[in-house]
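Structure, as structure tokens:
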Amino acid sequence: MYADYSFYTDSYYGSKISEEQWNYYSEKASDFLSASFDTDSVTSEALAKACCACAEVYYSEYESSENISSEKVGDYSVTYSASATKQSGLVDKLLAAAGTYFPIVGWC
């Protein structure tokens with residue numbers, strides 16, 4: 001795990017995730033970062049912040065209403081997203097959140 005709960009609340013100033021839920025979401029975020037980025041290319045503080053940002057993305061996705069992509073009130077209507085679409089959107093959100101803390105590397 002790249003960030004503990006005290007870093008999340010005291011340095012990242014996060015408040016969305018409770019202490020009881022922190023280990024679950026931060027572990028998922030740490031696994032994503034390890035698999036997706038060169039974690040040796042950033043400082044430990046940047047890596048911890050990226051972990052917090054990704055943990056919040058996971059939290060928001062998993063705590064949201066069961067794959068509902070849209071909802072209408074008049075003549076009640078609900079549209080559910082396909083899991084593949086939701087998964088693809090999740091990866092995009094995670095990359096965007098983590099990318100804030102990783103150096104931009106391009107082709108020369």
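Remarks
- Identity of the residue in segment 72-90, open to solvent by less than 50 Å² (accessible area, probe 1.4 Å) and among the hydrophobic types (A, V, I, L, M, F, W, C), that ends up modelled with the lowest pLDDT: V78
- Residue check for S44: modelled with pLDDT of 95 or more, of a type outside the set (A, V, I, L, M, F, W, C) and surrounded by 15 or more Cβ atoms within 10 Å (Cβ to Cβ): no
- For segment 6-30, filtered to residues that are of a type in the set (D, E, K, R) and exposed (fewer than 13 other Cβ atoms within 10 Å of the Cβ), the residue that is farthest from S44 (Cα to Cα) is E20.
- Near pairs, Cβ below 8 angstrom, 6+ apart or cross-chain, from segment 6-35 (free of Cβ contacts under 8 Å to residues at least 12 places away in the same chain) to any residue that is polar (S, T, N, Q) and open to solvent by 60 Å² or more (accessible area, probe 1.4 Å): T9/S15
The values are calculated or read from the model by the stated rules, or taken from the named source; none is laboratory data. Just so you know, these numbers come straight off a predicted model, no measurement behind them. Using ideal geometry, Cβ is built from the backbone for each residue, glycine included, and neighbour counts are taken over all protein chains shown. Keep in mind that these areas ignore ligands, DNA and RNA; they rest on the heavy atoms of the full protein, side chains included. Shrake-Rupley method; radii C 1.70, N 1.55, O 1.52, S 1.80 Å.
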